[in-house]
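Enquirer: After the structure tokens below, expect a handful of questions from me.
The values are calculated or read from the model by the stated rules, or taken from the named source; none is laboratory data. In this text the structure is predicted, and so the values were computed from the model without any measurement. Cβ atoms come from the backbone with ideal geometry, glycine included; neighbour counts cover every protein chain shown. Surface accessibility is based on the protein's heavy atoms, side chains included, excluding ligands, DNA and RNA. Shrake-Rupley method; radii C 1.70, N 1.55, O 1.52, S 1.80 Å.
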Amino acid sequence: MKTSLAPTPPIFSLVLGGPLFQLYRRMHLSGNELQLLWRRVLVITLFAWLPLLFLSVLDGHAIGGGIKIPFLYDVEAHARFLVALPALIIGELVVHRRISPLIRRFVDRDIIVTDDLPRFSAAINSALRIRNSVAMELALVVLVYTLGHWIWRSGSALGGSTWYAKPDVTHLHLTLPGYWYAFVSIPIFQFILLRWYMRLVLWFRLLWQVSRLNLHLSAAHPDGAGGIVFLSNSSYAFAPILFAEGALLSGFIANRVLYNGQTLLSFKMEVIGLVGVFLLCILGPLLMFTPKLDRVKRQGSAKYGLLANQYVFKFEDKWLRGAAPETGQLLGTADLQSLADLGNSYTVVRKMRIILIDHEEIVRLTAATAAPLLPLALTTFSLEELIGRLIKIIF
């Protein structure tokens, strides 16, 4: 248990740190607690998107120019920079406000025993060092301009000239706005996205380390999950990141449906794969507590079962095996109330959850990921058909 002499673990945040965060503060785009959100969203989004519009107008490829995809008709570019990028930036504040208090609850609720507080603090400090690492973010920059750039060039061809490039058999010839797109806008987006992947890895690693500590859990805890059901709420914090991923895939599919003649159903495996992979990334870390919760439940069931047997046998010896008691003797007796309380406790133990994931969380996170994909259904169904199908699914 916690004592007054126990060390106080550091305050944890997945997002308040790193060179980019410090740059935000110096440029007055953020306060110490990620204030100035809309200023940050506006400046970063416009820096990535507005020059593309301006240069496309100069290049004559904003709305025409005899090319396959003018800039203002490029759904993928607008989904990436006007939907997904703001969602990733907004997600920082959401994650900070929802995740940071959860880690503190392990100490505030005496879930971490005193002997393991140093290990708990060490796990947090390790995560903070990686989060704040200059080398880590420099590595992400290098990755963006090497592998990330190669992946983008490999997957950007749409079978004709676009506002940003004119492909031939062997090369992708960038236009004037294409250079800003390839070397500024795309790297900004990829860096922020990869930075989120790094944070998800840090979150996974921290929860894995916490799950291996000697946690003070109780099978009879009223929350029905040993006392750590609050962790299940962590998944909702990452909904903006899931929404951004859905928007990114939606833009990718839209361009290929509208301009390459591909069908929406030909991308069903990509959609299923995206939803499945990211649900696993967000909800998977919670499964690391399942073995410990299962052990607590089995031990609690055995102990409360033994206690119930002992109490029930004594209750029956006192009230049933001797002379039949007068009804008035039973009224108001503490024995009956204690028996009922014991029964309630045993029911809580028996119904204790060993998995910190429920159906509602899966549905909500799936909806957050799939929501940007819904407009694509209009390429296959009419608005009336789509509304009718949604009503059938919901009701």
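Enquirer: Put a dot 7 Å past each Cα toward the Cβ at Phe47 and Leu82; how far apart are the dots in nm?
Expert: 2.1
Enquirer: A further question follows. In nm, to one decimal, how far is the modelled label at Arg26 from the one at Leu265, with both set 7 Å along Cα→Cβ?
Expert: With each label placed 7 Å out from Cα toward Cβ, I get 5.5 nm.
Enquirer: Further question on the same structure: Hey, any idea what % of the chain's accessible area is carbon plus sulfur with a 1.4 Å probe? Show your work: numbers first, answer last.
Expert: Working: 13200 of 20200 Å².
C and S atoms contribute 65 percent here.
Enquirer: Rounded to the nearest 10 Å², what accessible area does Asp317 have for a 1.4 Å probe in the complete protein model?
Expert: Approximately 90 Å² of Asp317 is accessible to the 1.4 Å probe.
Enquirer: Using Cα-Cα distances under 8 Å and only pairs 6 or more residues apart, what relative contact order does the range 84-214 have, in percent?
Expert: Details: 66 pairs, mean separation 43.3, N = 131.
About 33 percent, as a whole number.
Enquirer: Next question. Mind ranking Thr263, Thr369, Thr290, Thr347 by accessible surface for me, highest first, 1.4 Å probe?
Expert: These residues rank, largest area first, as Thr263, Thr347, Thr290, Thr369.
Enquirer: Same structure again: Give the accessible surface of the chain per residue, rounded to a whole number of Å², with probe radius 1.4 Å and ligands, DNA and RNA excluded.
Expert: Working: 20200 Å² over 395 residues.
With all protein chains present, the chain gives 51 Å² per residue.
Enquirer: Further, regarding this structure: Which value, in debye to the nearest 20, describes the size of the charge dipole of the range 167-273 about its Cα centre when Lys and Arg Cβ atoms bear +1, Asp and Glu Cβ atoms bear -1, and nothing else is charged? Please list the in-between numbers first.
Expert: On the way: 6 positive and 4 negative charges, 43 e Å.
Result for the range 167-273 is approximately 200 debye, rounded to the nearest 20.
Enquirer: What full-extension length gain, to one decimal in nm, is calculated for Asn132 and Val113 as 0.36 nm per residue of separation minus the Cα-Cα distance? Could you put the intermediate results ahead of the total?
Expert: Numbers: separation 19, 0.36 × 19 = 6.84 nm, distance 2.79 nm.
Taking Asn132 through Val113 to full extension adds about 4.1 nm, to one decimal.
Enquirer: Given points 7 Å out from each Cα along the Cα-Cβ axis, report the Arg364 to Tyr236 separation in nanometres with one decimal.
Expert: That separation, rounded to one decimal, is 0.3 nm.
Enquirer: Any chance you could check the Cα centroid distance between the range 360-379 and the range 168-233 for me, in angstrom?
Expert: 19
Enquirer: Contact order normalised by length for the range 22-145, with contacts defined as Cα pairs under 8 Å and 6 or more residues apart; what percent is it? Walk me through the intermediate numbers first.
Expert: Numbers: 47 pairs, mean separation 20.6, N = 124.
Dividing the mean separation by the residue count of the range 22-145 yields 17 percent.
Enquirer: If you don't mind, another one. Which order do you get for Val271, Val41 if you rank them by accessible area with a 1.4 Å probe, largest at the top? The partial results should precede the final answer.
Expert: Values: Val271 40, Val41 15 Å².
Solvent-accessible surface, decreasing: Val271, Val41.
Enquirer: Expressed as a whole number of Å, what is the distance separating the alpha-carbon centroids of the range 96-133 and the range 6-79?
Expert: So the two Cα centres are separated by 30 Å.
Enquirer: Using only helices, what value at 222 nm comes out for the chain when you add -39,500 (n - 2.57) per DSSP H run of length 4 or more and divide by the total residues, to the nearest 500 deg cm²/dmol?
Expert: Estimated from H runs of four or more residues: -19500 deg cm²/dmol.
Enquirer: A further question follows. Once ligands and nucleic acids are excluded and a 1.4 Å probe is used, how much of Glu361 is accessible, expressed in Å² to the nearest 10?
Expert: 0
Enquirer: With angles folded into 0 to 90 degrees, how steeply does helix 37-59 sit against the dominant principal axis of the chain? Use alpha carbons for both and round to 10.
Expert: 20
Enquirer: For the range 1-107, give the magnitude of the charge dipole about the Cα centre (Cβ charges: +1 Lys/Arg, -1 Asp/Glu; no others), in debye to the nearest 20.
Expert: On the way: 11 positive and 5 negative charges, 128 e Å.
Rounded to the nearest 20 debye, it is 620 debye.
Enquirer: Too long at a 20 Å Cα-Cα cut-off: which of Lys314/Lys351; Lys292/Lys351; Lys68/Lys166?
Expert: Values: Lys314/Lys351 26 Å; Lys292/Lys351 16 Å; Lys68/Lys166 10 Å.
Check vs 20 Å cut-off fails for Lys314/Lys351.
Enquirer: Right, another one. Would you kindly find the accessible area of Arg98, with a 1.4 Å probe and non-protein molecules such as ligands, DNA and RNA excluded, rounding to the nearest 10 Å²?
Expert: For Arg98, solvent-accessible area is about 100 Å².
Enquirer: One-quarter of the Cα convex hull surface for the chain, in nm²?
Expert: 27.6
Enquirer: Remind me, relative contact order of the chain in percent, using alpha carbon pairs under 8 angstrom and six or more residues apart?
Expert: RCO, the chain: 22 percent.
Enquirer: Per residue Cα convex hull volume for the range 150-240, in cubic angstrom? Working shown, then result.
Expert: On the way: hull volume 12.6 nm³, N = 91.
Roughly 139 Å³ of hull volume per residue.
Enquirer: While we're on this one: Sorted by accessible area (1.4 Å probe), largest first, how do Asp59, Asp168, Asp74 line up?
Expert: Working: Asp59 55, Asp168 75, Asp74 5 Å².
My answer, sorted largest first, is Asp168, Asp59, Asp74.
Enquirer: Let me ask something additional. For the range 1-158, what is the Kirkwood hydrodynamic radius in Å, using each pair of distinct C-alpha atoms? Don't jump to the answer; show the numbers that get you there.
Expert: Values: mean 1/r = 0.0524 Å⁻¹.
The answer is 19.1 Å.
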